[in-house]
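Input: a single structure, listed below in structure tokens.
The values are calculated or read from the model by the stated rules, or taken from the named source; none is laboratory data. Since this is a predicted model, take the numbers as computed values, not measurements. Because the Cβ atoms are built from the backbone with ideal geometry, glycine has one as well, and the counts that use them run over all protein chains shown.
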Amino acid sequence: MKTAQATSDRIQMMTPIGVVLAIATVLGGIVLKGSGIHSLWSAAALVVVFVGTASAILVQTPATTLKRALKMLPWVIKPPKNDGPGLIKSVVGWGDIARRQGLLGLEPQLEKEKDAFVKKGLQLLVDGSEPDTIRGVLGAELDGRRHADLIAAKVFESAGTYAPTMGIIGAVMGLMAVMEHLSEPSKLGPGIAGAFVSTVYGIASANLILLPLAHKLKGLVNEQARTREMLIEGLVAIAEGENPRHIEAKLKGFCH
């Protein structure tokens, strides 16, 4: 248990470490190229890139999807619990109880479960539902939840596609401002450099934060769905009266 907890803690630290490295890469690169860190600051670029990207997302995304996306955001630091081996152990235990006491013997287990999906599956078992009914009911809920979560994760993917474009728009706006001062050569260099800050903001935020974040969320959604698929197969096997040892062997294939 301690080893599993330590592994989980290390996984949770990977995202913050990645974000810090991303920031260090940009700042270190600008310094090594001979510019000062101050050259990356531009209030106008911040407004154009980040407010512009947020505006595009608000236009594109339904309120319920946006709310779900923001709710999922903490997953990149603290992913939802997804203990496959522990769930297999529970399913095998339920199988043993069902063989000794019948499906009604699982009723006390309902009060111990906090996960709504697991609890619903156990309730279907206790109610004596047919295997096809269990698979159909839980499968429909699984597909609906996975679809909603993937759509929410794609909000950040969309932001990652809009940000570079907003960066280009900001750069063009900056160059337009520079063109108005062609008669003042001293302003050309700083003006052109400042114009491209928007491009840096857009491309860096997309490729170092937004797109990786979206892909990580989608991976977590699929991993969670895979575990729930395993649970459905386990519950169906119990309903069909399979030997708990056979159920265990079958479900371990989901954990590879």
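Starting from segment 196-223, take each residue that is touching a residue at least 40 places away in the same chain (Cβ under 8 Å) and list its partners that are outside any helix (DSSP H, G or I), counting only C-beta distances under 6 angstrom and pairs at least six apart or across chains.
Val197/Ser42; Leu220/Pro79; Glu223/Asn82
Please verify whether segment 126-145 includes one or more residues that are exposed (fewer than 14 other Cβ atoms within 10 Å of the Cβ), on the phi > 0 side of the Ramachandran plot, free of Cβ contacts under 8 Å to residues at least 40 places away in the same chain and not aliphatic (A, V, I, L, M).
yes
Limited to segment 22-59, what total is found for residues that are modelled with pLDDT of 90 or more, exposed (fewer than 14 other Cβ atoms within 10 Å of the Cβ) and either more than 18 Å from Met173 (Cβ to Cβ) or among the aromatic types (Phe, Trp, Tyr) (or both)?
Here the count works out to 2.
Quick test for you: out of Lys154, Lys89, Lys119, pick the one residue that is surrounded by 12 or more Cβ atoms within 10 Å (Cβ to Cβ) and farther than 24 Å from Leu231 by Cα. Let's see the steps before the verdict.
Details: Lys89 fails: farther than 24 Å from Leu231 by Cα; Lys119 fails: farther than 24 Å from Leu231 by Cα.
Going through Lys154, Lys89, Lys119 in turn, the sole match is Lys154.
Restricting to segment 123-135, what's the tally of residues that are within 13 Å of Val236 (Cβ to Cβ) and either part of a helix (DSSP H, G or I) or at pLDDT 95 or above (or both)?
Taking segment 123-135 as the starting set, the residues that turn out to be within 13 Å of Val236 (Cβ to Cβ) are 124-125, 129-135.
Applying the additional criterion that residues be either part of a helix (DSSP H, G or I) or at pLDDT 95 or above (or both) yields 124-125, 131-135.
Number satisfying all stated conditions: 7.
Tell me the residue from Lys187, Lys154 that is assigned to a helix (DSSP H, G or I) and modelled with pLDDT under 85, please.
On the way: Lys154 fails: modelled with pLDDT under 85.
Exactly one residue qualifies, and that residue is Lys187.
Looking at Leu87, Leu106, Leu73, Leu138, which one is assigned to a helix (DSSP H, G or I) and within 12 Å of Ala239 (Cα to Cα)? Give the derivation first.
Values: Leu87 fails: within 12 Å of Ala239 (Cα to Cα); Leu73 fails: within 12 Å of Ala239 (Cα to Cα); Leu138 fails: within 12 Å of Ala239 (Cα to Cα).
Step by step, each of Leu87, Leu106, Leu73, Leu138 is checked, and only Leu106 is assigned to a helix (DSSP H, G or I) and within 12 Å of Ala239 (Cα to Cα).
Search segment 64-81 for residues that are at pLDDT 95 or above and surrounded by 15 or more Cβ atoms within 10 Å (Cβ to Cβ) and pair each with any residue that is among the β-branched types (Val, Ile, Thr) and in a loop (DSSP other than H, G, I, E, B) when their beta-carbon atoms are under 9 Å apart and the residues are at least 6 apart or on different chains.
Ala69/Thr61
Being within 25 Å of the chain's Cα centre (by Cα) and of a type in the set (D, E, K, R) is the filter here; which residues of segment 140-181 pass it?
Going residue by residue through segment 140-181, those that are within 25 Å of the chain's Cα centre (by Cα) are 140-167.
Those that are within 25 Å of the chain's Cα centre (by Cα) and of a type in the set (D, E, K, R): Glu141, Asp143, Arg145, Arg146, Asp149, Lys154, Glu157.
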